[in-house]
Structures are given as structure tokens and as C-alpha cells.
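Have a look at the structure below, then the notes.
Nothing in this text is a laboratory measurement; each read-out follows from the coordinates by a stated rule. Predicted model, so just to flag it, every value in this text is computed and none were measured. Don't worry about glycine lacking a Cβ; one is built from the backbone with ideal geometry, like all the others, and counts go over all protein chains shown.
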Amino acid sequence: MARFIERLLERRDVIEGWVEEVKKERSRLIRELRSIGGVEVFDSKANFVTFRPRMDADQVFKGLLERGVVIKNLGDLPVIRHCLRVTVGLPEMNDVFLRSLREILAG
């Protein structure tokens, strides 16, 4: 494992490429989430996006699980009460998440 990391660190261009892809996809994910009515989206500089759906977060979380989409339910933490967090994935994965979320919110 150490050798793999050493070789990876020698390839800074690869790491920078991954970082740029995550940034690009994060921006798209935020933009798409904001286009969904009733979803409050928080700005992010990380590899995840936090959002608060207009309907009960627990129901949204369960609905996503039923569709095979796994995200993080942040529960009742004071500042982020009723929020969910999605990790920025590959475009295809994010599309499945967005499509599933739209289905759930459409009722």
C-alpha cells in the first residue's frame, strides 16, 4: 500500500485531475439540486453536498434506500436538523440519485 501511495504522489497530475472532476461534478450536483423546488442546498467545498428537502428527511432517506441510493441522514443535529448529505460520485451515480430524489419529492 505504501508503494502505491508513493507512486500516486509522484503522479500529481492524476490527483489534480481527480480533484477537478470532483469539483466539476459537485457544481453540477448543487446546480441540479437547486433546480428542484423545495430543496435547500448548502454551499460545499468538500466531496459531499448537504441539503434539506421540503418533505420529511427521514421519508426521503428511506425512499432513496428503497431505490438503492445510499446517502447520509444527518438526523436532528441542531444546525443541520432534517438535512441529508450526498457524496459527490460519478456522473452516472449522481444522475441516479437526482432522478430518485425527484421521484420521491413528486410524491
Problem set entry | Inter-residue pairs, beta-carbon under 6 Å, first within 11 Å of residue 84 (Cα to Cα) and in the range 33-57, second part of a loop (DSSP other than H, G, I, E, B), 6+ apart | 50/42; 50/83; 52/82; 52/83; 57/82
Exercise. Can you find a residue in the range 10-22 that is out of contact with any Leu (no Cβ under 6 Å at 6 or more places or on another chain) and touching a residue at least 24 places away in the same chain (Cβ under 8 Å)?
Worked result: yes
